[in-house]
Amino acid sequence: MRKLVSAHFSRLRKDRMFWICMGAMFAYAVFYIWSGCRKEQFLPGEERSLSACYFHFAIPIGLFCALFDSLFLGTEYSDGTIRNKIVAGHTRTEIYLAALLLTFSAGLLLMAAWTAGTLVAALASGTWNMGMGLLRLFLYLLIAVLEVAVFSALFTWIGMLSENKAVTEMISVLLFLALLLFSSMLYNALSQPETYCGIEMTMDGMRTSEAMQNPRYVGGFLRSVYACMLDVLPAGQGLQLWLLEVGRPVFMLLSSAFITAAATLGGMASFRRKNIK
Amino acid sequence: MEYVLKTEALTKHYKNFKALNGLNMQIPKGAIYGFVGKNGAGKTTLIRIICGLQEPVSGGYLLYGRKHTDKEIAKSRRRMGAVVETPAVYSAMTAADNLKQQYRVLGLPSFDGLDDILKTVGLAGVGNKKVKHFSLGMRQRLGIAVALVGSPDFLILDEPANGLDPQGIVEIRELILKLNREHQITILISSHILDELSRLATHYGFIENGRILKEISGKELEDVLRKCVRMEVSHVKSLAVVLDGMGMEYRILSDTEADVYANVPVSKLTAALAKEGCEVIAMHEREESLESYYISLMGGGAHA
């Protein structure tokens, strides 16, 4: 497998799409963090910190992974080079795991590009305070790393089974968008207040009405299910990281590890049975 | 005789379609094995199975004496190179970078021999040109170059002349002969261009509906292909009467043409024909081609 990984990385170094994604991630970070820090300058009494903007990458990283992974792995099929690896005597398990390692590494490098962009923006805005303790920062980064692992496992699965590059690209991006949309819906549902107060106009002026039950509030068992799904889904984790609202970090880490392992085992089993043209 | 590849009742289905139906074939070491069959006969399916791209439903094959179910089959595969259907090369890379990729895939410690391979396939001077700007012939040769990395002693080429211009076909032919003669590489080559194949192959396998109809060596085929004299005359009926009288085997082609399968005593025959009032317009010695042999083997209705 070491040989395949070496071949993948040498290809990665020359891959134009990879460098475009890296550049886009870097530029996005510089712009986003810099404008975020500037905005905070106008909030009196608030200490400027990077954490409020830094973890925003946890949202777009999934899209970048979908784009890059599908193009990189799709090329193996469209150019037919996956055949060279099989004919050369590599097992399907080796080929699959090498592809996963590559996509995961690329995801981490995209994270590194964001971090580099953050440093440049911090330098430009003069904001060096991270705004969170080292342990919390480490925990959040670990959740982000495993979020990348889940995305990589899912997109590798798609990329290794679909032989059509355009279809791979479309399915991967649609999957990411579906996960993001679903997670946003879950988050919105969970953010609803249990009760709300209206404003009434009376002869004496305006006054708040009595608290009323919010019909859109999700409670009971369903609330637990929604919260659990938001913690499990990679896009949901990204959303919580961005908003710095991570409630159950250990559960998030374990669920990510489980999904990565399950997707990899499922993908390898399907890939082993696949008829390659 | 030592065989590089032996298949035993190899079977492969795609849903209800039987692509291979108990196929048996043997490729002797050092041969150029011409694999002939019409579209959908099972040529590419067999090649895909041998390359490990697909698994057979039943039956099996031995590659360098190792069964395909053997855990060590990868070791046998490392001794082969293949170009299946289209050349497997990265279009965004140069020829040299493509070869370097294959060196890495094989885990070779250095890029020694890379220039020699490019030279062998006639791509030594392409420099930094990306593969996407290559002609079809150049891509085909690069595909073979990639297959040659690691010095394989068994090369599988699936339709290598497909889509090439006459010059490209000649170049590929010369390359294949060179690889076989100078590097002693056993070659399995599938092709629709029977005339081209007949200039290369030392052994033939004819496949139809997923089964091998006939395996024959080039020498045996040469003996089987019959020589004849094609005669053009003014009245073919008179020719038939004379040939019947002389006890010669023949085949009428048209009102004026017939093939005579015998050593024709020219003066005796022309004198007999003159007596019948039949004029001889032309006579040519002909040899039955691989194509006509293939067509007769397939029952006359099929075409490669």
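For B:Lys275, the lysines whose Cα falls under 19 Å of its own Cα, not counting residues fewer than eight places away in the same chain, are B:Lys237.
Along its first, second and third principal axes, ordered by size, region A:2-273 spans 86, 46, 34 Å in Cα coordinates.
For A:Ser270, the shell of other residues with beta-carbons less than 14 Å away shows a net charge of +2, using +1 for Lys and Arg and -1 for Asp and Glu.
When A:Tyr28, B:Tyr250 are sorted by how many other C-beta atoms sit within 10 angstrom of their C-beta, beginning with the fewest, the order is A:Tyr28, B:Tyr250. Remark: mean inter-chain Cβ contacts per residue of B:83-89 equal 5, using a 10 Å Cβ-Cβ cutoff to other protein chain atoms.
Here the protein assembly as shown is treated as an ellipsoid with the same Cα gyration tensor; its semi-axes, largest first and in whole Å, are 70, 26, 21.
Neighbour counting of Cβ atoms within 10 Å sorts the residues A:Ser51, A:Ser255, B:Ser238, fewest neighbours leading, into A:Ser51, B:Ser238, A:Ser255. Peptide B:97-105 is shielded by partner chain Cβ atoms: per residue, an average of 6 of them sit within 10 Å of its Cβ. Within chain B, the longest run free of exposed loop sites, counting trypsin sites (Lys or Arg not before Pro) that sit outside DSSP helix and strand states (H, G, I, E, B) and have at most 11 other Cβ atoms within 10 Å, spans B:72-304. Peptide B:46-55 has a mean of 4 when you count, residue by residue, the C-beta atoms of other protein chains within 10 Å of its C-beta. Here r is the Cβ-Cβ distance between A:Leu222 and A:Val250 and R0 is 30 Å; the resulting FRET efficiency, rounded to 0.05, is 0.85. Among the GluC sites (Glu not before Pro) in region A:189-277, those located in a DSSP loop and surrounded by at most 13 other Cβ atoms within 10 Å of their own Cβ are A:Glu194, A:Glu210, A:Glu245. Counting 0.36 nm for each residue step from B:Leu253 to B:Glu72 and taking away their Cα separation leaves a gain of 59.5 nm.
Applying a length cut-off of 20 Å (Cα extent along the axis) and a mean Kyte-Doolittle floor of -1.0 to the DSSP H helices of chain A leaves A:16-40, A:60-78, A:92-125, A:134-161, A:165-191, A:249-273.
Length available on full extension from B:Ser289 to B:His192: 0.36 nm per residue minus the Cα-Cα distance, which gives 33.5 nm. Taking Lys and Arg as +1 and Asp and Glu as -1, the other residues whose beta-carbon sits under 11 Å from that of A:Tyr96 total +3. Other residues whose C-beta falls under 15 angstrom from the C-beta of B:Ser110 contribute a net charge of 0, scoring Lys and Arg +1 and Asp and Glu -1. With kT/(6 pi eta Rh) evaluated at 37 °C and eta = 0.692 mPa s, and Rh the Kirkwood radius from Cα pairs, region B:181-227 diffuses with a coefficient of 273 µm²/s according to Stokes-Einstein. Among A:Ile199, B:Ile172, A:Ile59, the order by Cβ neighbours within 10 angstrom, fewest to most, reads A:Ile199, A:Ile59, B:Ile172. Evaluated at q = 0.21 Å⁻¹, the base-10 log of the normalised Debye intensity for region B:212-266, with identical point scatterers placed on the Cα atoms, takes the values -0.75.
Going 7 Å from the Cα of B:Asn24 along its beta-carbon direction, which residues of region B:202-230 have the amide nitrogen within less than 19 Å of the resulting point? What the label zone holds, given the 19 Å backbone N cut-off, is B:204-217.
Quick note: the coordinates plus some simple rules give every number you see, no bench work behind them. All figures in this text were calculated on a predicted structure; none of them were measured in a lab. Here the Cβ is made from the backbone with ideal geometry for all residues, glycine too, and neighbour counts use every protein chain on show.
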